[in-house]
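The values are calculated or read from the model by the stated rules, or taken from the named source; none is laboratory data. Note that the structure is a prediction, hence the values are computed from the model and not measured. Positions of Cβ are generated from backbone atoms using ideal geometry, with glycine treated the same way; all protein chains shown enter the neighbour counts. Surface accessibility is based on the protein's heavy atoms, side chains included, excluding ligands, DNA and RNA. Shrake-Rupley method; radii C 1.70, N 1.55, O 1.52, S 1.80 Å.
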Amino acid sequence: MKDILRRHQILREEIVNILNKQVQIEAQSAANYLAMAAWCDVRGYDNSAEFYFKQSDEERKHQLKLFHYLADMECDAISPAIEEPQHEFTTLRSVFERALEMEIAVTDAIHNVVRECRKHGDIATEEFMRWYVQEQIEEEYVARRCLELFDVLGEDKIALGMFEERVLGIEYEGD
Amino acid sequence: MTEIEIEPEVSNIFSTNNTALYQCDRSESFILKFFEEHISFKIGELQAIRKKIRNIDLAQLFKSGTPDIEILNVPQCDRIFVLSILEILELKELFSGAFVMLELNSVIHREILRK
Ligand SMILES: [Fe+2]
């Protein structure tokens, strides 16, 4: 009798479930960043808005990469339900504070996926998740650098202008 | 029913009184026998239906005030099933038994046949 489970590289159900959960988290992040982009945009923080539009696109890509992986493994990828994002913020800084909190939560979730892979000996999926682990190091770094900029510049009108000038240049320079 | 059993590439994985699951090596698909019916599934679809059946909450069905049937949509055969509690119990038994056998088959392939 053929080993159909193995021939079709079927992932364990626990792995499928946690990957679908991660799909949802990435989709939620994309929606949350879009709301942040809108908040910045209407208040004239054009560069911050662009920063978050880009960030939202990135999250969508993260979502699709997971989604395709599930589909390639012949598993059910679930297009997720999204909760209403936070649309109200008090200050520009509070938007960036929220972004860092979000990224930390995403990192924790990614690490949980890796732990689940280890628990079930799914070496291939663990390897696939390495890219996300690395990506989160960069995302967190950028989010922290943004907040440090507020610490240095302050939050008066001129400072916010200077922040706007610099926000699109913040990058992770690893290795 | 007998027609299925005599084909050499079809193996019986698990059976209960009125249900059974067969694997067809040629088409790499599964055949679910449910009373007089036969429905064919690919492995991914089989996992999906297994999950649906496992998620049926029997305790909820036993509560008074709710109907003690469950409606199961099976996209592979273009119809829905209305299941009684006994039928649900049988399907739950079939799927848990069948997946133990499938995983056991995987272990046999990994530890013995492929070595
Ligand atoms: Fe992400």
Among helices (runs of 4 or more DSSP H) entirely within segment A:70-175, at least 2 residues that are within 16 Å of the ligand (Cβ to nearest atom) and modelled with pLDDT of 95 or more occur in A:92-119, A:123-153
Test of understanding: among B:92, B:33, B:115, B:51, which residue is basic (Lys, Arg) and either in contact with a strand residue (DSSP E or B) (Cβ under 7 Å, 6 or more places away or on another chain) or in contact (Cβ under 8 Å) with a residue 60 or more places away in the chain (or both)? B:33
Kindly indicate whether any position in segment A:83-97 is open to solvent by less than 50 Å² (accessible area, probe 1.4 Å) and of a type in the set (A, V, I, L, M). yes
For segment A:27-38, indicate whether the set of residues that are within 14 Å of chain B (Cβ to nearest Cβ), polar (S, T, N, Q), farther than 22 Å from residue A:151 by Cβ and within 16 Å of the ligand (Cβ to nearest atom) is non-empty. no
